[in-house]
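This report refers to the structure that appears directly beneath it.
No lab work stands behind these numbers, since they all come straight from the coordinates. For clarity, every value in this text was computed on a predicted model and none was experimentally measured. Reconstructed Cβ throughout: ideal geometry from the backbone, glycine too, with neighbour counts over all protein chains shown.
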Amino acid sequence: MGPDPARRDLPGEFGLAVENFTPARAQPSIERILAYAGAAESLGYRSLWVWDHLFLGKRRPFPFLEALSTLAALSTRTSAAALGTGVLVLPLRDPVLLAKTAATVDLLSGGRLALGVAAGWYEREFQACGVPFKQRGRLFERNLEILDRLWREPEVSGTWDELDLRGVAMRPPPASRPRPPILIGGYVDRVLRRVATRGDGWLTYFYTPESFRRSWTRIGEFAAEAGRDPATLTNVAQVPLCVGASYEEADRRVRAFVAEYFDTPAWSESTPDSAIRGTPAQCAEQVAAYRAAGVRHLCLVPDQYQVEQAERFATEVLPLLGPLLGHGQQGQTGPPPGPGARAEAAEPAT
């Protein structure tokens, strides 16, 4: 797959994650999701990100709405926000069907799709789909190449394993040209090298600024080694958010939220410590730390997906950022490009 030579930044600096999955005690509500999306866009957030899993959890399964179908619904309630997957488990999808479905979502939204993808980590899903778990790294790269070629080329001619694409033309192509931006999620060096050489950017899940800076530096080094300008790459960082009356109160609330909804595996660098939490002034300082670490787009995961949290960030935190970042007051809550669900960005070496 050939990455785009120009950097594929999404508009703005801030986006929001969407509650298309819930703990077992609840069910995702499309009505609530649509209302949340409309409120987010009216507040100025510039991206919305959905999580992706088919089956998650054995004793207490998590209810999940399918990612691209949810984005198609969001495209009817929004007009400007980028719509992203954070992240899609790429090896589980038939790449030809995915190319058609994702291109349709991009067309429905007027060219607003951002496809975050990763190789996956939850073996039970692979077993259920009949996809060999140990081959997920190879299948990820195969599927990525097929997506890219079907979207870019007027006609594809080639074979990949059992997939015979000789003389195939996908019409209509995506609205985004030459294709929607592709962000790759993951942690280990093999994945970071993929980001540097095969995608448009990196999407992280619950990284602290320090962890983000280290891996983002590695990606830049891998890009330079491959003869690619690191400046052409972008990134999106998913982080929890809780604006409260005090740091202690917000920290307690956001840790309970993360524990109920998400995984932060010990072998990854994902951690609840990544949360932006505390008073508005404390939250603004933490956002500034992410910006200083090189984050271009922050995907905020509000405590309990409360619109009130998104409102407080927009009205109480953003006005404090200008002096911290060394320039005038920020505009409306702009978003970044986007993230993985209850641990989708958490993947071992593939």
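Place +1 on the Cβ of every Lys and Arg and -1 on the Cβ of every Asp and Glu in region 53-158, take the dipole about the Cα centre, and give the residue among P61, L90, A114 whose Cα lies farthest towards its positive end. Farthest towards the positive end: P61. Across every direction, the projection of the convex hull enclosing the Cα atoms of region 122-170 has a mean area of 3.8 nm². Charges were assigned to the Cβ only: +1 to each Lys and Arg, -1 to each Asp and Glu. The resulting dipole of region 157-197 about its Cα centre is roughly 260 debye. Electrostatic tally near A175: other residues with Cβ closer than 9 Å to its Cβ, Lys and Arg +1, Asp and Glu -1, net +1.
DSSP bridge analysis restricted to the chain gives an antiparallel fraction near 10%, rounded to the nearest 5.
Computed about its Cα centre, the charge dipole of region 1-153 is approximately 460 debye, with only Lys, Arg, Asp and Glu carrying charge at their Cβ. Counting 0.36 nm for each residue step from E260 to S79 and taking away their Cα separation leaves a gain of 62.0 nm. If you plug the beta carbon distance of L163 and T104 into 1/(1 + (r/R0)^6) with R0 = 30 Å, you get a FRET efficiency near 0.90. The angle separating the long axis of helix 30-43 from the principal Cα axis of greatest extent in the chain is about 70 degrees. Can you give the FRET efficiency to the nearest 0.05 for D189 and S42, using r as the Cβ-Cβ distance and R₀ = 56 Å? The computed FRET efficiency comes out at 0.85. Overall, the anisotropy analysis places region 13-153 in the oblate class: the square-rooted eigenvalues a ≥ b ≥ c of its C-alpha gyration tensor yield a/c not less than 1.5, with a/b not exceeding b/c. For region 220-334, what log10 I(q)/I(0) values come out of the Debye formula at q = 0.09, 0.19, 0.20 1/Å, with one point per alpha carbon and no solvent? Calculated log10 I(q)/I(0) at the listed q: -0.28, -1.01, -1.09. I need the phi-derived Karplus couplings for region 258-275: 6.51 cos²θ - 1.76 cosθ + 1.60, θ = phi - 60°, integer Hz, Gly and Pro marked x. So the Karplus estimates, Gly and Pro as x, are 4, 4, 7, 9, 10, 9, 10, x, 5, 7, 10, 9, 5, 7, x, 4, 6, 4 Hz. For the chain, a Gaussian network of Cα nodes joined below 10 Å ranks P230, P240, P91 by mean-square fluctuation, and the top entry is P230. Size check on the chain: the Cα extents along the three principal axes, sorted descending, read 61, 46, 39 Å.
What does the charge count around Y36 come to, taking other residues whose C-beta lies under 14 Å from its C-beta (Lys +1, Arg +1, Asp -1, Glu -1)?
Result for the neighbourhood of Y36: -4.
Available extension along the chain between R124 and W267 is 49.6 nm, counting 0.36 nm per residue and deducting the alpha carbon span.
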